[in-house]
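*Asks:* The structure under discussion is supplied below as structure tokens; questions concerning it will follow.
Please treat every number below as a calculation from the coordinates, not as lab data. Being a predicted model, the structure only gives us computed values, none of them experimental. Heads up, the Cβs are rebuilt from the backbone with ideal geometry, glycines too, and the neighbour counts pull from every protein chain shown.
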Amino acid sequence: MKILVINSGSSSIKYQLINMKSESVLAKGLVERIGIEGSRLEQEVNGEEIEIEQEIADHGVGMELVIDTLTNKETGVISSVDEINAVGHRVVQGGKYFDKSVIIDQDVKEKIEECATLAPLHNPPNLMGIEVCEELMPHAKQIATFDSAFHQTMPEEIYMYALPYELYEKHDIRRYGAHGTSHKFVAKKVAKEMSQPIEDLKIITCHLGNGASVTAVKNGKSYDTSMGLTPLEGLVMGTRCGDLDPAAVPFIMEKEDLNPQEMDDLMNNESGLKGISGISSDMRDIGEAAAEGNERAQLALDMFVGRVKKYIGSYTAEMNGVDAIVFTAGIGENAIELREQICSNLDYLGIELDSVKNDVRGATTEISADESNVKVYVIPTNEELVIARDAKKLID
Ligand code: ADP
């Protein structure tokens, strides 16, 4: 069985074709700059990359190019599109409707559209990807996996905001969280690594990428997570500010004469590492600049580290303890020093790193010191595999 996993963004389509027998990636690629100048596709098969530059006016053309490339006699990996048994779509916001992956039908599409008010940048292009694939691959089942689904187990007192209750009743204003697929994957993996049932563990998973969130996983379920109604809440991220005094919002809007859209843009795209450092949203750039003595880059780094630490502390308190902490995603898997800084001075919680074991990038490794009461792990995330597995389960 072969499953195509799609992550359709506003101007890009990321994809992986996975052979479910061996769970191996047959091809992975990216179509980018859809609808803008310089559009292109790149695809990797067995470490070999190809690039195609051509005009890609919309997602339909982009997806056709993906299928052509996958089935190309020379560079392709399948002989016909009929070999694709199912398509698994990443959907960011499933709101209150979805606590697991589902086979897509008209009703599911309508609900994804309804949830677009909560994720206006993500759900509409996700839906566009679904509709394009339905048209181009009518023989294949379409499956949706939601970033918010894993967090549907959060208790009411955690997912509610202390706003007038009517806002929840009228507009579903509450915390939903994101990155659920990744948090679930690494939490399950760490339980396996520790040879313990996940139901017996208290785990804190730190998904630190461009977007970043921390989740408290108690007895195998998401108990709390740092992202909220939207992915803006919580950690300091590449371009997002994370937690903020809500009163700062109208204050800044008034002082800077900004409308709601402009304020939203400021908090989502001009803040975080980029806003503080004034240099870049990319952690590698920040690390280099800080090492060269750039004070604002150092400040951005310290703020990032401090916020993660704060969440680890509060989730440890919320769960009355922690058995394992997991680092994943671009920063979590690769930034050795940063992991060391996050875990420093946490020995009162029983958390101690082994700096030799911590000298690792992108490989599943236990990095805690032997005397540490809490196990600390690096675990590479694999959201595509979760989506493909869910799709397989549903069509089986
Ligand atoms: P997303 O999927 O959210 O776009 P990723 O999970 O790919 O993001 O993470 C991107 C982040 O990971 C960037 O900030 C990048 O600088 C950081 N990163 C990647 N490799 C390293 C490294 N070796 N050291 C520090 N940060 C790294």
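*Asks:* Kindly work out what percent of the DSSP beta bridges joining two residues of the chain are antiparallel, to the nearest 5.
*Replies:* 65
*Asks:* What's the longest piece of the chain with no exposed trypsin sites (Lys or Arg not before Pro), counting a site as exposed if DSSP puts it in a loop and it has at most 10 other beta carbons within 10 Å?
*Replies:* So the longest stretch without any such site is 74-396.
*Asks:* If you keep only loop residues by DSSP, which GluC sites (Glu not before Pro) in region 64-110 have at most 14 other Cβ atoms within 10 Å of their Cβ?
*Replies:* Glu74
*Asks:* Give a quick list of GluC sites (Glu not before Pro) in region 291-363 that DSSP marks as loop, anything other than H, G, I, E or B, with at most 11 other Cβ atoms within 10 Å.
*Replies:* Counting only loop positions with at most 11 other Cβ atoms within 10 Å, the GluC sites (Glu not before Pro) in region 291-363 are Glu292.
*Asks:* Using 21 Å as the Cα-Cα cut-off, could you pick out the over-long pairs in Lys28/Lys73; Lys14/Lys357; Lys202/Lys309?
*Replies:* Lys14/Lys357
*Asks:* Give me the one-decimal nm value for the distance between modelled label points at Ser344 and Glu134, 7 Å along each residue's Cα-to-Cβ direction.
*Replies:* Those two pseudo-labels are separated by 5.3 nm.
*Asks:* To continue, here is another question. Which one, Met20, Gly275, Gly362, projects farthest toward the positive side of the charge dipole computed for the chain from Cβ point charges (K/R +1, D/E -1)?
*Replies:* In the chain, that residue is Met20.
*Asks:* Here's a follow-up. Using only alpha carbon pairs under 8 Å that are at least six residues apart, calculate the relative contact order of the chain and give it in whole percent.
*Replies:* 13 percent.
*Asks:* So if R0 is 22 Å, what FRET efficiency would Ile36 and Met253 give, r being the distance between their Cβ atoms, rounded to the nearest 0.05?
*Replies:* 0.15
*Asks:* Suppose R0 equals 25 Å. What FRET efficiency, 1/(1 + (r/R0)^6) with r the Cβ-Cβ distance, do Ala369 and Glu288 give to the nearest 0.05?
*Replies:* After rounding to 0.05, the efficiency reads 0.30.
*Asks:* Under the definition of Cα pairs under 8 Å and six or more residues apart, what whole-number percent is the relative contact order of region 41-142?
*Replies:* Taking the mean separation of contacting Cα pairs over the length of region 41-142, I get 28 percent.
*Asks:* Moving to a separate point now. Percent relative contact order of region 191-252, based on C-alpha pairs within less than 8 angstrom and at least six residues apart?
*Replies:* Answer for region 191-252 is 22 percent.
*Asks:* Also, quick follow-up: For region 91-221, just list the percent of Cα-Cα distances falling in each 5 Å bin from zero outward, please.
*Replies:* 2, 10, 17, 19, 18, 15, 11, 6, 2, 0
*Asks:* Then there's this: Can you tell which of Gln261, Gln298, Gln341 shows the greatest fluctuation in a Gaussian network model of the chain with Cα springs below 10 Å?
*Replies:* Among Gln261, Gln298, Gln341, the largest GNM mean-square fluctuation belongs to Gln261.
*Asks:* Let me know the whole percent of all Cα-Cα pairs from the chain that are separated by more than 28 Å.
*Replies:* Everything past 28 Å amounts to 49 percent.
*Asks:* Among Met283, Met253, Met154, determine the one that fluctuates most according to a GNM of the chain built with springs between C-alpha atoms less than 10 Å apart.
*Replies:* Top of the fluctuation ranking is Met253.
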